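Notes follow once the structure below has been shown.
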Amino acid sequence: IKMIKSWINCDWTERTHCRVHVAATKIFFGLPVMAIMLLMAHLVPSGMARPAFRLRRSTRLSATGRVPKALYAPKNRNFGYRLRSSAPYGPLSYSTKTNVGVACSKPAKPARWLRRLTGNRGRVAMSSSLFGGFSSVAATSSAAGGTVSELRSLMHKNGVDAYVVPTSDPHQSEYPPNCFARREFVSKFTGSAGTAVVTKDKALLWTDGRYFLQANDELGADWVLQKDGLPSTPSIPKWLSEELKEGSKVGIDPFVHTVSGVRAMNKTLGAKGIQLKYLSDNIVDDVWSSRPNLPTAKLRVHDIEWAGVPASDKVEQIRENMKSEGADMTIFSKLDEIAWVLNLRGQDIECNPVFLSYLVVLPDRVVLFVDESKITDVISKHLNEINADIYSYSNVLSEVEKLSEKRKVLVDPASTSIAIFNAAEKGATSITEKISMIENAKGQKNEQELKGMREAHLRDGAALAKFFAYADALTKKGETITEFVAGAEAENFRSEESGFFESSFPAIAGEGPNGAVIHYRAAKETARDIKAGSLLLLDSGGQYDCGTTDVTRVYHFGGDSIQPSQEMREAYTRVLKGHIAVDTAVFPEGTPGFVLDAYARRWLWQSGLNYLHGTGHGVGAALNVHEGPQSISPRFTNMTPLKPGMIISNEPGFYKDGEFGIRIENLLEVVEADTKHNFNDGKYLKFERLTHVPIQTKCIDFDLLTDEEIDWLNTYHESVWKKISPRIKDEMVAMDWLFEATKPVTRPPPKAKTDPSSDAPVESSAGTSGVAAV
């Protein structure tokens with residue numbers, strides 16, 4: 001009792017002995033509980049799933065057990081009443097967890113405040129799968145050189161002179177399940193985009209600008225990096241046509257190459273007398289002795305509250321589209337399209353709530369090719385409502401051939417594999433090729449989907465306010481956390497929000513030079529420390545029951561006493577100006593996204609700077625974090641117009657190799673603009689922000705911002721405060737941080753400088769690049 005009283009009444013920020021009391025109390029109560037859990041685990045019969053047990057205690061107390069009236073700030077700036085603090089880090093609020101996991105099917109999350117209590121920040125032992133359950137195929141595979149040597153032996157056996165291994169799985173997934181991560185296994189490159197090509201004497205990897213640095217680090221000495229997208233880099237078909245002799249054969253797995261992709265390769269290779277050869281078995285699987293099994297996680301129904309439209313209505317829309325195209329059968333291969341149509345979600349791919357499947361829609365029924373073990377009674381009842389038959393996932397080729405007999409089949413050549421296409425073509429009377437109608441329908445969200453996305457971002461904003469408050473408080477005290485821990489903690493804070501399932505992609509937490517690796521992924525063993533003076537790029541997101549989030553912020557730690565360099569300030573501010581330019585854009589209906597790309601880059605170009613990735617991508621509603629068809633990028637070939645209801649990211653950046661990275665990302669909703677005029681009776685569009693996370697003003701060079709841009713920043717932060725503060729009102733540390741982070745800023749007064757010929761100060765007309773006055 002004495003220990004507990006001392007625990008409650010002590011000043012958590014100052015008294016080290018209180019940590020001892022807390023630790024002692026945890027041990028006093030924790031050891032008997034652990035013993036009971038171990039005994040229970042021992043009694044559970046082997047082979048039976050053992051649950052994870054969690055003991056939780058939450059305390060939200062100020063030093064006196066309540067919030068003193070003196071901590072209320074006066075009402076000002078139309079922000080309403082705010083909680084303030086005279087303590088160094090505010091009136092503290094902790095959520096202390098003790099997690100006891102015994103033979104858990106899912107790893108227990110770390111005790112966030114345990115590091116504060118024990119002083120072991122960044123050193124708490126955590127499962128590598130926590131961040132966030134992302135196992136690496138490359139990390140557990142054999143040496144790349146040996147794999148390539150074995151692959152060449154099989155190439156010779158199958159009579160091919162080159163073999164192409166794309167990232168894609170049979171469904172053209174950006175992130176394939178581990179069982180289909182063949183390119184990663186072969187090359188040991190862990191990025192999400194890339195294609196490996198192996199010939200008799202060479203091994204090459206094509207990847208885009210997001211991964212140049214990462215690929216250089218991960219590829220072995222026997223691999224050559226081809227920087228895709230640069231003018232000097234040939235395409236894969238062009239390189240093969242120049243490298244191989246006439247009469248050579250290039251092997252591919254027909255399941256992982258699309259109809260469009262195969263035709264493009266055939267056109268280039270055929271002109272040089274080189275032939276594509278389909279290999280019925282993927283030869284990578286023959287050298288991958290430890291290849292994981294296909295996933296078997298159960299499906300779940302996506303609530304109609306967030307789906308907005310019943311699956312039956314979506315299926316009828318597909319049938320109407322089939323009729324208009326003169327078809328009586330259509331095939332879908334993309335997993336997010338199938339999940340969207342059926343209002344189902346899965347767990348087969350980490351961070352992507354989809355499941356391995358194919359979908360065939362007929363005039364009187366639908367056929368779902370899926371592992372039957374994933375179908376529960378609830379799912380079966382849900383599918384009965386649309387008259388769905390369940391077929392085995394492994395029998396898709398033979399069954400598609402039967403189903404297509406004497407039918408007119410509609411397929412999307414950009415997402416359908418050549419294997420599925422050839423199977424349908426055998427029995428069909430005709431094949432009609434057209435871009436999937438689902439891609440456009442899914443991209444333009446209905447009102448309930450938009451409502452869910454707005455709610456998801458409010459939850460996400462609350463979680464990130466807590467995370468940055470936590471990390472900021474630690475570093476101000478001279479303590480450190482690692483990049484690996486930062487990513488895990490961001491997920492941990494999100495997990496406390498209702499409806500959270502998992503991260504929407506592996507968190508990118510890059511400190512200093514690692515921030516310049518555009519899609520960096522921290523490893524526990526090599527993660528850099530985040531401390532006072534660190535510049536952290538954190539790109540992360542969450543999958544909630546209602547929606548999907550994706551947000552990037554750059555944060556300089558250590559308080560006002562430690563400032564970022566002028567080079568960092570300029571880069572940060574130019575990126576921010578581009579971000580504001582896209583955010584405030586008004587444009588005619590029918591405008592494709594590439595038109596807006598220059599808005600984001602203008603201020604970087606003005607200084608001779610740029611970035612090697614797109615400015616914006618579509619985001620699914622409780623689905624994949626990357627989706628089409630819309631985008632904002634320099635690729636003018638994407639003519640998809642932005643439409644009301646679409647969601648797109650706004651994420652310009654700058655990366656200085658070996659030093660730092662800058663990226664500021666919000667998600668935006670496309671809405672109609674109320675303009676003074678409507679030229680030629682046309683409509684105009686604009687964006688509304690979904691993301692509610694402060695943009696750090698410490699890194700801004702205010703000499704580069706206009707008054708309008710400063711007003712934009714203040715308006716955004718006022719909105720963030722109003723929307724997020726009610727959701728964290730019981731978390732005093734986070735409230736105090738959010739209050740400081742959303743204060744209005746003004747242009748600082750000009751600096752005074754000393755005349756060399758006199759001791760008297762003179763006013764500079766150049767202004768200052770320092771932190772804004774409040």
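The values are calculated or read from the model by the stated rules, or taken from the named source; none is laboratory data. Note that the coordinates shown come from a computational prediction; the quantities given were computed from them, not determined experimentally. Quick reminder, even Gly has a Cβ in these numbers, built from the backbone with ideal geometry, and neighbours come from all protein chains shown. What goes into the accessible areas is simple: the full protein's heavy atoms, side chains included, and nothing from ligands, DNA or RNA. Shrake-Rupley method; radii C 1.70, N 1.55, O 1.52, S 1.80 Å.
Data overview
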| read-out | value |
| --- | --- |
| Long-range neighbours under 8 Å by Cβ, at least six apart or interchain, first residue free of Cβ contacts under 8 Å to residues at least 60 places away in the same chain within segment 715-738, second open to solvent by 10 Å² or more (accessible area, probe 1.4 Å) | Tyr716/Arg689; His717/Pro694; His717/Ala741; His717/Lys743; His717/Pro744; Ser719/Arg689; Ser719/His692 |
| Single residue of Thr591, Thr615 found to be under 27 Å from Ala516 (Cα atoms), hydroxyl-bearing (Ser, Thr, Tyr), at pLDDT 95 or above and in contact with a strand residue (DSSP E or B) (Cβ under 9 Å, 6 or more places away or on another chain) | Thr615 |
| Tally of residues being in a loop (DSSP other than H, G, I, E, B), open to solvent by less than 20 Å² (accessible area, probe 1.4 Å) and under 19 Å from Val354 (Cβ atoms) across segment 174-223 | 3 |
| Of all residues making up segment 445-490, the number that are without any contact (Cβ under 8 Å) to a residue 60 or more places away in the chain and aromatic (Phe, Trp, Tyr) | 1 |
| Conditions (1) under 25 Å from Leu458 (Cα atoms); (2) in contact with a Pro (Cβ under 7 Å, 6 or more places away or on another chain); (3) not acidic (Asp, Glu); number of the one not met by Gly510 | (2) |
| Sole residue being of a type in the set (Ser, Thr, Tyr) and at pLDDT below 95, chosen from Ser540, Ser607, Ser561, Ser565 | Ser561 |
| Test: residue in segment 545-561 that is farther than 25 Å from Val485 by Cβ and open to solvent by less than 10 Å² (accessible area, probe 1.4 Å) | yes |
| Lys442 vs. criteria surrounded by fewer than 24 Cβ atoms within 10 Å (Cβ to Cβ) and either touching a residue at least 60 places away in the same chain (Cβ under 8 Å) or closer than 19 Å to Gly618 by Cβ (or both) | no |
| Selection count where residues are of a type in the set (Gly, Ala, Ser) and open to solvent by 50 Å² or more (accessible area, probe 1.4 Å), scope segment 381-412 | 2 |
| Test: Tyr520 is part of a loop (DSSP other than H, G, I, E, B), hydroxyl-bearing (Ser, Thr, Tyr) and buried (at least 23 other Cβ atoms within 10 Å of the Cβ) | yes |
| Filter result for the condition that a residue is over 25 Å from Pro588 (Cβ atoms), under 29 Å from the mean Cα position of the chain (by Cα) and surrounded by 18 or more Cβ atoms within 10 Å (Cβ to Cβ), over Pro726, Pro694, Pro744 | Pro694 |
| Qualifying residue in segment 601-617 (condition: among the basic types (Lys, Arg), open to solvent by less than 20 Å² (accessible area, probe 1.4 Å) and under 25 Å from Tyr175 (Cβ atoms)) | no |
| Pair list, Cβ < 8 Å and 6+ apart or interchain, from segment 153-164 residues that are under 14 Å from Asn282 (Cα atoms) and in a loop (DSSP other than H, G, I, E, B) to residues that are open to solvent by less than 10 Å² (accessible area, probe 1.4 Å) and not aliphatic (A, V, I, L, M) | Asn158/Gly251; Val160/Gly251 |
| Members of segment 683-722 found to be basic (Lys, Arg) and either closer than 18 Å to Thr549 by Cα or not in a loop (DSSP other than H, G, I, E, B) (or both), listed by number | Lys686, Arg689, Lys722 |
| Of the criteria (1) farther than 29 Å from Leu535 by Cα; (2) surrounded by 16 or more Cβ atoms within 10 Å (Cβ to Cβ); (3) small (Gly, Ala, Ser), which one Gly682 fails | (2) |
| Pairs where the first residue, in segment 388-399, is in contact (Cβ under 8 Å) with a residue 12 or more places away in the chain and the second is of a type in the set (Asp, Glu) and open to solvent by less than 50 Å² (accessible area, probe 1.4 Å), C-beta under 7 Å, 6+ apart | Tyr391/Glu399 |
| Every residue from segment 662-710 that is of a type in the set (S, T, N, Q) and farther than 30 Å from Pro513 by Cβ | Thr675, Asn678, Asn680, Thr706 |
| Which listed residue is touching a helix residue (DSSP H, G or I) at 6+ places or on another chain (Cβ under 8 Å), in a loop (DSSP other than H, G, I, E, B), open to solvent by 50 Å² or more (accessible area, probe 1.4 Å) and free of Cβ contacts under 8 Å to residues at least 60 places away in the same chain, from Lys298, Lys272 | Lys272 |
| Residue match in segment 491-511 (condition: of a type in the set (Gly, Ala, Ser), at pLDDT 95 or above, crowded, with 18+ Cβ neighbours inside 10 Å and part of a helix (DSSP H, G or I)) | no |
| Verdict on Tyr572 being aromatic (Phe, Trp, Tyr), assigned to a helix (DSSP H, G or I), surrounded by 22 or more Cβ atoms within 10 Å (Cβ to Cβ) and in contact with a helix residue (DSSP H, G or I) (Cβ under 9 Å, 6 or more places away or on another chain) | no |
| Members of segment 173-195 that are touching an Asp or Glu at 6+ places or on another chain (Cβ under 9 Å) and closer than 14 Å to Asn282 by Cα | Cys179, Phe180, Ala181, Arg182 |
